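All remarks here apply to the structure that follows.
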Amino acid sequence: MKKILLVICMVAIVASMAFAQGQADKAMTIKLGHIRDAEHPTHKGALLFADLVKEKTDGRITVNVYPNSQLGGIQEMFAQMKTGDLELVYGGINTLAFIKGGEAFEITAIPFLYRDYEHMRKAMLSDEFKPLVAAAEQATGVKILNITGDTAPRGLTANKKILSPADFKGLKIRTAASEVVLRVMKQLGALPQQVPLADLYVSLKTGVVDAQENGAITVANTSMFEVQKFYMKTDYIRDIETFYMSPAFWDKLSDADKQAIRDASEEAGALVTKLTNEQLQSAYQKLSEHMTVVTEPELRLGEIRAAIEGVFNDWEGVKWPAGLLEKIKNM
């Protein structure tokens, strides 16, 4: 009798595993949202990701891509992932700090901390960051699938040259809604303003704001050179596009499909990095034809760095582990 019960149990277990595998391997259509326009490298990378996932899963998984905030802003899309209404988001690693539980990722936007894309990605994928990733995933309900895909570093435009800390005094500057950026600008004596990107051109033209901080690609694509005379190449904040996924959806996937999706994200990120570098070269060329591009040594970045030194000391050991900033600098 015991042998018969054992056989029945084994059969049930095998049947259950087969059913689960069958569920994991069935055809499905999922959504990926992002905030970039259809000409942006991020969108082209997302389209490649969709093609690769379909190819690597023999057509079983179809990824529909929704660009240009069609599914909402980054915070809205994160909320949709938590409720199971959206499977994937492709957006900057900086943006994880915008939601409760992701505050430690303010460290990804610290000015002048990251030398270049390779340095930043090395830091994000390092052992030092693994505890932050694990804690953020648990607290936010958002899984970080892969941090890959360069973005244009942020610069500064204005109708006068901004060369040193003194030039920021009283400057009405449109900034991202980031605590990091707000702290920096206030420390420098500027007056940060919140203006939707769609309204920024007119706000600059009419003098609602005097300046703004965005990357060269955005400045070129939105023709801000028509209403601004100078582009200061500060490259002060960097970001990396990141594939975020619903943990509940991830857990349903087979190991083979998980690997296929990871591999697809890596290839897509490489394309985004390549296209970003190409577009940056074109953007700087375009800007130089319409405005003055200001670089070091005329642009006194050393003085600006010194002026904001210590602004984030109160976050050490609070938002992120004490000593992490120094470790990143030395990587």
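Values in this text are rule-based calculations from the coordinates and carry no lab data. If you're wondering where the values come from, they're calculated on a predicted model, not measured in any experiment. We place every Cβ from the backbone using ideal geometry, glycine too, and count neighbours over all the protein chains shown.
Here the peptides 266-274, 208-216 are ranked by packing, the mean other Cβ count within 10 Å, and the order with the highest first is 208-216, 266-274. In this structure the amide hydrogen of Leu191, modeled in the peptide plane, comes within under 5 Å of the amide hydrogens of Gly170, Leu171, Lys172, Ile173, none closer than 5 places in sequence on its chain. A dipole drawn for the chain from +1 and -1 charges on Cβ atoms has a positive end, and of Ile308, Ala216, Val89 the residue lying farthest that way is Val89. On the basis of the beta-carbon distance and an R0 of 30 Å, Glu118 and Ala27 show a calculated FRET efficiency of 0.20. Around the Cα centre of the chain, unit charges on the Cβ atoms of Lys, Arg, Asp and Glu (plus for the first two, minus for the last two) sum to a dipole of about 360 debye. A full extension of the chain between Asp127 and Ala177 corresponds to an added length of 15.1 nm, given 0.36 nm per residue minus the alpha carbon distance.
In this structure, Ser164 and Gln138 have a Cβ-Cβ separation that, at R0 = 35 Å, corresponds to a calculated FRET efficiency of about 0.20. The gain in end-to-end length when the Arg300 to Lys274 segment is fully stretched comes to 6.4 nm, 0.36 nm per residue minus the alpha carbon separation.
With a cut-off of 14 Å between beta carbons, the residues surrounding His40 carry a summed charge of -3, where Lys and Arg count +1 and Asp and Glu -1. For a 22 Å ceiling on Cα separation, which of these pairs sit above it: Lys100/Lys130; Lys169/Lys286; Lys31/Lys82; Lys229/Lys286; Lys54/Lys122? Result: Lys169/Lys286; Lys54/Lys122 exceed 22 Å. Output needed: percent of Cα pairs per 10 Å distance bin for the chain, bins running from 0 to the one holding the longest distance. The distribution over the chain is 5, 23, 31, 22, 10, 4, 2, 1, 0, 0, given as percents. If a spin label sat at a point 7 angstrom from the Cα of Gln70 along the line to its beta carbon, the backbone N atoms of the stretch 182-206 nearer than 20 Å would be those of 198.
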